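One structure is given below, encoded as structure tokens.
The values are calculated or read from the model by the stated rules, or taken from the named source; none is laboratory data. The shown structure was predicted, so the numbers you read here are calculated from the model rather than taken from an experiment. Glycine gets a Cβ as well: all are built from the backbone with ideal geometry, and neighbour counts include every protein chain shown.
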Amino acid sequence: MSARSTVFAPVPLSIQPVVIAGAGVIGLSIALELTRRGIGVTVLERGRALTQASVAAAGMLASEDPHNPAALRAISKYSIGLYPEYKARLEALSGLPVPVQTTVTVQYLEDGSAMQLAEESLDPRQLAAALLGAVRAAGIDLREGFSGSIREELRGRTLVISAGAWSSESGGNSRVAVAPRKGQMLRVTLPPALRSLREVHRSEHIYVVPRVHGPQAGTALLGATVERAGFDTTTNTADLARLRAMAAELLPALASETNAPLVESWAGLRPGTPDDLPVLGCGDDATLWATGHYRNGILLAPATAMTVADMIEGNVPAVDLAAFAPGRFVR
Ligand code: GLY
């Protein structure tokens, strides 16, 4: 698994300090893994860390979702295998818990049947708090509100672009087709009939994700829209009502706004790509891309961190990255 190789980089990236553009769950997970391997890291973030798609997500580790592209299967399974150690490390470094919220997903299929999947979910806000705590405990150089030129900041160091929906604008010489794919979502208090809901219920176009532990316990997320709306993050009542109605097709007790009152609603910007697959690998200018995770950023964070760290060390990653090559749609 660890044969030396430079096939992933036109020049050996060498074990030199790295600059990461973007402090979402992907960028900070990479930073933590590089730090664990003794590689110096600076993370540049134009806004605030972990405030975009990373905390808008529902937190399903949906490695078994039959609607995921088949090309995601191997890296999803790899990431699931890494999750216990990844999570334990965040918890140990930060002192903050990231409890598994659910362990079963009921997946509804087009033919009207349903199957049970052994999938876990997490609360991404708990994950984000622990990840940020871990990054701080590890002493990682994280610069929020960065307004300068990433290229000028590099000074010969390797650049990793993990700027989510903003990745196409984040300083590579080459540009990769990543664009925002908006998702609106609402969170409701679980009605009495569903107080003991312990599993995710999901069909192709809607999911209900209960929170069991932590500050959101006793509520459930109903999501999500998939929209091409640029960088707009507004929500609208018609879309939220439609999500509730679709959720109520799976669990009728969610239909009542009285019994299942709205707690909050929001919209996030998934980093989408033309083929719904991540961009993970070396670009034509030795820039490393780790973006475009679309609906699976939380799931794929540990695998992405290991893979990027392996590439930087010159090792062959544990999974085949051919389907994720940045060059497949350079424009
Ligand atoms: N990961 C769930 C979604 O993208 O809506």
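For residue 168, indicate whether it is polar (S, T, N, Q), within 28 Å of residue 325 (Cα to Cα) and without any contact (Cβ under 8 Å) to a residue 12 or more places away in the chain. Yes. Considering 308, 263, which residue is touching a residue at least 60 places away in the same chain (Cβ under 8 Å) and either aromatic (Phe, Trp, Tyr) or surrounded by fewer than 18 Cβ atoms within 10 Å (Cβ to Cβ) (or both)? Only one candidate passes the filter, namely 263.
Annotation: of all residues in region 54-72 being away from the ligand (no atom under 13 Å from the Cβ) and under 23 Å from residue 223 (Cβ atoms), the one that is farthest from the chain's Cα centre (by Cα) is 66.
The one condition from (1) within 20 Å of the chain's Cα centre (by Cα); (2) under 30 Å from residue 311 (Cβ atoms); (3) in contact (Cβ under 8 Å) with a residue 24 or more places away in the chain that residue 158 does not meet is (1).
Of all residues in region 230-244, those that are aromatic (Phe, Trp, Tyr) have Cβ atoms under 8 Å from Cβ atoms of residues that are at pLDDT 95 or above and surrounded by 16 or more Cβ atoms within 10 Å (Cβ to Cβ), 6 or more apart or on another chain, in 231/165; 231/180; 231/269. Filtered by the rule that a residue be of a type in the set (Gly, Ala, Ser) and either surrounded by 14 or more Cβ atoms within 10 Å (Cβ to Cβ) or in a helix (DSSP H, G or I) (or both), region 66-109 gives 70, 71, 74, 76, 79, 81, 88, 92, 94. Looking across region 110-169, just one residue is buried (at least 18 other Cβ atoms within 10 Å of the Cβ) and of a type in the set (Phe, Trp, Tyr), and that is 166. Note on region 156-209: enclosed strands (runs of 3 or more DSSP E) holding 3 or more residues that are of a type outside the set (Phe, Trp, Tyr), within 16 Å of the ligand (Cβ to nearest atom) and within 27 Å of residue 23 (Cβ to Cβ) are 179-189. Criterion applied to 292, 283, 297 was being out of contact with any Asp or Glu (no Cβ under 8 Å at 6 or more places or on another chain), crowded, with 18+ Cβ neighbours inside 10 Å and closer than 21 Å to residue 205 by Cβ, and the one residue passing it is 297. Whether any residue in region 278-292 is in contact with a His (Cβ under 6 Å, 6 or more places away or on another chain) and over 17 Å from residue 59 (Cβ atoms) is what I want to check. The answer is yes, given that some residue of region 278-292 is in contact with a His (Cβ under 6 Å, 6 or more places away or on another chain) and over 17 Å from residue 59 (Cβ atoms). Within region 50-69, residues that are polar (S, T, N, Q) sit with their Cβ atoms under 8 Å from residues that are near the ligand (Cβ under 10 Å from one of its atoms) and in a loop (DSSP other than H, G, I, E, B), at 6+ positions apart or across chains, in these pairs: 68/62; 68/295; 68/296.
Of note, residue 221 satisfies the criterion of being part of a strand (DSSP E or B), surrounded by 14 or more Cβ atoms within 10 Å (Cβ to Cβ) and within 23 Å of the chain's Cα centre (by Cα).
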